[in-house]
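Reading through the structure tokens given below for one structure.
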Amino acid sequence: MNMKNSLLITRRQRTNLLINLGLILVTLFAMLPIATTVLVSFKKEQDVTRKPPVIFPCDTPTQAFDWSACRWSVEGYDRVLAPEPASNWLGFELTGNMIRTYIPNTLLYATTTSFLVVILAGLSGYAFSRYRFRGHRFLMISILAITGVPLLTNLLALYQMGVRLRKANIPLYDDRFFIIIVYMGFFLPLSVWIAKGFFDAIPRELEEAALIDGCSPLGALWRVTMPLAAPGLMAVFLLTFVGVWNEFIAGYLLISRNDHKNVMFGLYDFLGQNIVNLQVLAAACILIALPMVILFLFTRRTFFKAMVEGAIKG
Amino acid sequence: MRQLLSRYKGGGQTQTSLPFWLILPTIIVLLAIQVYPALYTAWLSLQEREPTGWTFVGVENYKRLFGTSLFSESIGHTIVFLVGYTSVTLALGFIIALLLNGNVRLSGFYITLLFIPWIIADILVGLIFRLMVVPDYGLLSGILQNPKIIPPNGLSVLTAVRPTPWFGNFAFPPAPAMDFLILASAWRALPFVTLLLLAAMQTVPSEIIESSRIDGANGRQVIRHIMIPLMLPTMVVALFSLTLSGMNGVGMIFSLTGGGPGTSTEVLSYMLYSIGWDRLQFGRAAALALMIAVVNWLLISGTLRVTRLEDRNP
């Protein structure tokens, strides 16, 4: 009995070991492309353009690898960020377009869009969850069916709409308003479905109690249901935020002025140049991806919930 | 008061106009950004641009589209891409989910690391993978282009042409660039599929697995006869949603291969981009878009049907 027990334990340990080994391999596969990009971004131009390529820029004429001879550099980041001496408290100023224009623009687009999407999707998700009215099913299905039209062709019409609006000389109007509305239209359908799912999970009895106590339906929505739905709406906010940050093609086709460009469009500043600037391109990729990775690491639970919810529902 | 409550609770029709006002803003945005462009696309697909303006040409755009050899070639590429992409992603996703399901202690740590690819924009993923195989300078090119490893001349992923097809004109076996595109797409989609499958795997009741174990089923039999059948609806949802993203995603092709070398990675969505926005044949692009939309709608309604079946028998 004793021996059998110990045999069982070693077998379980062996399976555990195999599982961990497998997971480590998979994690390496997931990290490899990112790691190579980080490596390239910290190299000098002379090491990026070597034939055959070297993984670490650490070889000397006599030795294949010498830790003290490594030629790491921040040349790529330097070119993207373009720091200049300045008289502020830091002593320097980042003058690259990426930092000065593209990232603030994208933050503006992403924050505004996500905020508006949360409000609209929250209101309509609540209505779809709590009321049965004529056209309920039709509207829900239509909202989902809308997502089936390829984005690229919606852009044919949206492009012409954008041109017409620009020509109409509406005071204070510029592309930024239009792109925010367009992004809202892109991210609303799925958000409505996700929001409805989250509202469905909140018991009605709480609202009914508030109604009996003399709350108006809107008051009950605002004071009772919304606070309970906050985590779900946060998920909608984050998904939309990342979606707008990562969106390329609409920004590329609809934004006409350089100072309105978003980050993904701005990335193309570094692509037009020739091949020897791989380290600059890698640095730009890292700088653009990093904020989203950090955001994800802090809010991953919310993301996971929204992903599963969104996939099952839509 | 009672009237208000009964109106609120009445599951059938409500007389209140509140839900209408709650949904209205969402509907207005969707009409402007999604419905109008979709209808415009349908109209556009029957038009041809003449110097004087648009003229009605009926189904001429569709006929011309079917007449080009690139169209049938693109369908072949799309099929190869979708089959490769969905099967690689689903198979790997299932294995990773199994591994994560077996390791309870560290799974949170692994999940966090494994999920980072999902948060990175498709356009950046394309660039990151491109950096690895840039002819001569990419870190993977150092291995792949070495004639000693891949005889006779080594392999440059981004420039190698398609091998001679086996079946008439059908694009199989695919060009190395297509294999690489499938790898990059799978790399980005894996976290999503893994999470979905893991969530489904954790709902498989452990009693069933334990009792079948007692009855003498081995690990493979448990997976084959218990887990897979119980997870089938989720797998179908994952398959549809992968197909949907694969049909419509254009960002990764845009930055990784640009449809090349030659036309070997030109799938339908990229063809839509290039005839619409490079060659400015809007009518033909719209016709192609409608065909893609039909496939999308089939996939969406399939997903809805599967999830509804799942809701009915939990």
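Taking the condition more than 9 Å from chain A (Cβ to nearest Cβ), crowded, with 16+ Cβ neighbours inside 10 Å, part of a helix (DSSP H, G or I) and over 22 Å from the mean Cα position of the chain (by Cα), does B:L131 pass?
Answer is no for this residue.
Is it true that some residue in segment B:205-221 is within 14 Å of chain A (Cβ to nearest Cβ) and touching a residue at least 24 places away in the same chain (Cβ under 8 Å)?
no
Could you please give the count of residues in segment B:125-140 that are without any contact (Cβ under 8 Å) to a residue 60 or more places away in the chain and on the phi < 0 side of the Ramachandran plot? Can you show your working first?
Quick first cut of segment B:125-140, residues without any contact (Cβ under 8 Å) to a residue 60 or more places away in the chain only: B:128, B:131-140.
Now restrict to residues that are on the phi < 0 side of the Ramachandran plot: B:128, B:131-135, B:137-140.
Going through segment B:125-140 one residue at a time, the tally reaches 10.
Just checking: which of the helices (runs of 4 or more DSSP H) contained wholly in segment A:1-107 hold 3 or more residues that are touching a residue at least 40 places away in the same chain (Cβ under 8 Å), away from chain B (no Cβ under 13 Å) and closer than 27 Å to B:D122 by Cα?
A:75-81
Tell me which helices (runs of 4 or more DSSP H) are completely within segment A:195-314 and hold 2 or more residues being more than 27 Å from B:F109 (Cα to Cα) and more than 8 Å from chain B (Cβ to nearest Cβ), or say none if there are none.
Per the criteria, A:204-212, A:217-220, A:226-246, A:249-254, A:263-266, A:278-298.
Could you please give the count of residues in segment B:100-159 that are charged (D, E, K, R) and at pLDDT 80 or above?
3
Please specify each residue of segment B:79-104 satisfying the condition of being at the interface with another protein chain (Cβ under 9 Å from one of its Cβ atoms) and either open to solvent by 60 Å² or more (accessible area, probe 1.4 Å) or among the acidic types (D, E) (or both).
Across segment B:79-104, the qualifying residues are B:L92, B:I95.
For segment A:125-153, which residues satisfy the criterion of being within 21 Å of B:S245 (Cα to Cα), free of Cβ contacts under 8 Å to residues at least 24 places away in the same chain and in a helix (DSSP H, G or I)?
Across segment A:125-153, the qualifying residues are A:I141, A:S142, A:A145, A:T153.
Looking at A:Q273, A:Q279 in this structure, which one is farther than 27 Å from A:L165 by Cα, of a type outside the set (A, V, I, L, M, F, W, C) and modelled with pLDDT of 85 or more?
None of the other options fit; the residue is A:Q279.
Kindly indicate whether B:L144 is in the same structural domain as B:G249 (by TED's automatic domain parsing) and open to solvent by 30 Å² or more (accessible area, probe 1.4 Å).
It is true that B:L144 is in the same structural domain as B:G249 (by TED's automatic domain parsing) and open to solvent by 30 Å² or more (accessible area, probe 1.4 Å).
Within 13 Å of chain A (Cβ to nearest Cβ) and of a type in the set (A, V, I, L, M) - does that describe any residue in segment B:51-59?
Looking through segment B:51-59, none of the residues is within 13 Å of chain A (Cβ to nearest Cβ) and of a type in the set (A, V, I, L, M).
The values are calculated or read from the model by the stated rules, or taken from the named source; none is laboratory data. The shown structure was predicted, so the numbers you read here are calculated from the model rather than taken from an experiment. Every residue, glycine as well, gets a Cβ built from its backbone with ideal geometry; the counts of neighbours run over all protein chains shown. Protein only, heavy atoms only, side chains kept; ligands, DNA and RNA dropped before computing areas. Shrake-Rupley method; radii C 1.70, N 1.55, O 1.52, S 1.80 Å.
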